[in-house]
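Remarks on the structure that follows.
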Amino acid sequence: MGTDAGRLTYLDHAATTPMRSSAIAAMAPFLSDQYANPSGSHRFSRLARTAIDEARDDIADALGCKPGEVVFTSGGTEADNAAVFGAARRHGGVAVCSAAEHHAVLHCVEHLGGEVVAVDQRGVIDIAALQQTLERIANRGDRVAVVSVMAVNNEVGSITPMRDVARVVRGAAKTAVFHSDAVQAACWLDVRDIVTVTDVVSFSAHKFGGPKGMGVMVVKSGVVLEPLIMGGGQERDRRSGTSNVAGIVATAAALRETVENRESEIARVGELRKSLISSITARVSDVLDTVPAVSASTSGDLPSTVPGVAHLCFAGVESEALLYLLDEAGVCASAASACASGAMEPSHVLRAMGIDPRFAKGALRLSLGHNTTQEDVTYAANAIVHCVERLRTKQ
């Protein structure tokens with residue numbers, strides 16, 4: 001296959017998506033002439049503080065919470081850590097999460113000696129297993145400190161029915177803090193539905209067109225977490241540190257645009273995802289569509305996966321080699337797998353899902369976003385087909 005000289009086809013939006021022009025424009029003044037520390041008392045500081053207050057109002061409106069429930073962090077990882085560690089350290093008890101969580105949650109729960117619950121073949125937490133786990137903890141006389149369940153899986157894109165999970169948590173662990181990592185959800189789901197049924201929710205700005213180094217944690221009124229970072233008492237003593245004014249206003253701008261365009265983007269990107277997968281699977285044998293798309297209308301509830309993630313597994317191919325060839329062809333993608341002892345091993349998510357290792361070693365995550373075009377999809381599909389055939393021919 002010939003490649004277009006200098007062409008770059010970016011299909012790694014789940015890792016980070018380009019900043020929106022509205023976010024860059026909102027950020028710019030606070031990187032130049034409006035540089036005051038919002039914690040000060042003079043008029044220059046008050047201008048910065050007003051900008052933060054207005055951004056907090058906009059974010060609260062987009063997320064369906066009160067402005068006072070919005071806590072700014074350095075990103076999704078900090079927000080996840082703050083939720084899990086903050087609940088366990090303040091209230092005591094057992095931390096619980098699913099086996100397919102992002103490591104920002106999973107490693108916290110494991111560090112605390114908590115419980116990890118199995119997932120189904122889509123990577124969604126097993127509701128019955130969660131019920132049994134929470135009841136077992138209660139029956140042995142222990143308290144559940146926090147239950148953390150992601151809204152959208154960061155590797156395979158599967159959507160968790162959060163209301164179903166909430167019913168189990170509220171019934172079997174009434175005093176537990178219910179947290180959700182919704183980092184991958186903002187572009188594709190009405191996150192107000194997630195915020196409604198949880199106590200704490202984590203978001204990351206660079207996943208929806210904001211800047212890196214900015215996160216948002218929704219902490220519902222009445223929920224108390226032990227602060228992860230202490231110091232000057234910013235964010236109502238919930239997260240100290242000088243406020244990143246430029247990042248905060250840019251995050252608000254990006255989230256506003258994301259919400260305004262969400263419905264049309266779901267439809268547009270959904271068609272691109274369908275085109276991408278069908279173009280590859282029609283021409284390549286032994287390929288697994290890890291989480292096949294099932295629409296809300298046929299499932300009776302939520303769709304099975306977000307439109308922004310297409311996850312495929314190729315038998316007889318190693319992810320590392322495939323990504324190398326794709327990079328040479330100008331296609332940016334991800335394996336969503338970890339390197340262990342010099343060999344590519346299936347990720348913890350694919351292992352938890354029970355994916356056949358023959359396929360799992362050839363995992364490829366293709367994630368689409370707000371600037372993905374049909375031309376990108378067509379080019380990437382052709383490149384992937386060519387690279388897979390090339391690798392298999394060498395065997």
Run the simple label-point estimate for Asp126 and Arg358 please: 7 Å along Cα→C-beta, distance reported in nm.
2.4
With labels modelled as points extended 7 Å from the Cα through the Cβ direction, what inter-label distance (nm, one decimal) is found for Tyr35 paired with Val294?
5.6
Return Lys174, Lys66 ranked ascending by Cβ neighbour count within 10 Å, so the fewest neighbours appear first.
Lys174, Lys66
Percentage, to the nearest whole number, of Cα pairs in the chain over 37 Å apart:
24
Classify the range 131-207 as rounded, prolate or oblate, taking a ≥ b ≥ c as the square roots of the eigenvalues of its Cα gyration tensor: rounded when a/c is under 1.5, otherwise prolate if a/b is larger than b/c and oblate if not.
prolate
I'd like the Kirkwood hydrodynamic radius of the range 203-317, using the inverse of the mean 1/r over distinct C-alpha pairs, in Å.
17.8
The extension gain from Arg143 to Glu226, computed as 0.36 nm times the residue separation minus the Cα-Cα distance, is 28.2 nm
Exposure proxy order (Cβ contacts within 10 Å, fewest to most) of Ser202, Ser304:
Ser304, Ser202
Under unit Cβ charges (Lys, Arg +1; Asp, Glu -1), what dipole magnitude, rounded to 20 debye, does the range 16-94 have relative to its Cα centre?
240
Output the antiparallel fraction of DSSP beta bridges having both residues in the chain, as a percent to the nearest 5.
60
May I ask you to list the lysines whose Cα is less than 19 Å away from that of Lys361, ignoring any residue fewer than eight positions away on the same chain?
Lys394
At 222 nm, what helix-only mean residue ellipticity would the chain give, in deg cm²/dmol to the nearest 500, using -39500 (n - 2.57) for each DSSP H run of four or more?
-13500 deg cm²/dmol
Which lysines, if any, have their Cα less than 25 Å from the Cα of Lys207, not counting same-chain residues under 8 positions apart?
Lys66, Lys220, Lys274
Candidates Val223, Val94, Val245: whichever shows maximal mean-square fluctuation once the chain is modelled as a Gaussian network with Cα springs under 10 Å
Val223
Expressed as a rounded percentage, what relative contact order does the range 21-257 have, with Cα pairs under 8 Å and six or more residues apart?
28
For the range 244-297, what does the equivalent ellipsoid look like in terms of its semi-axes, each the square root of 5 times an eigenvalue of the Cα gyration tensor, given largest first in whole Å?
34, 14, 10
With the dipole of the chain worked out from charges on the C-beta (+1 for Lys and Arg, -1 for Asp and Glu) around the Cα centre, which of Ala363, Leu288, Ile137 lies farthest toward the positive end?
Ile137
What three numbers, in Å, describe the spread of the alpha carbons of the range 204-265 along their principal axes, ordered from the longest?
41, 26, 14
Taking Rh as the Kirkwood radius computed over C-alpha pairs, what is the Stokes-Einstein D of the range 21-257 at 10 °C in a medium of viscosity 1.306 mPa s, expressed in µm² per second?
88
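Values in this text are rule-based calculations from the coordinates and carry no lab data. Quantities reported herein were computed from a predicted structural model and do not represent experimental measurements. Ideal geometry is used to build each Cβ from the backbone, glycine not excepted, and the neighbour counts take in all protein chains shown.
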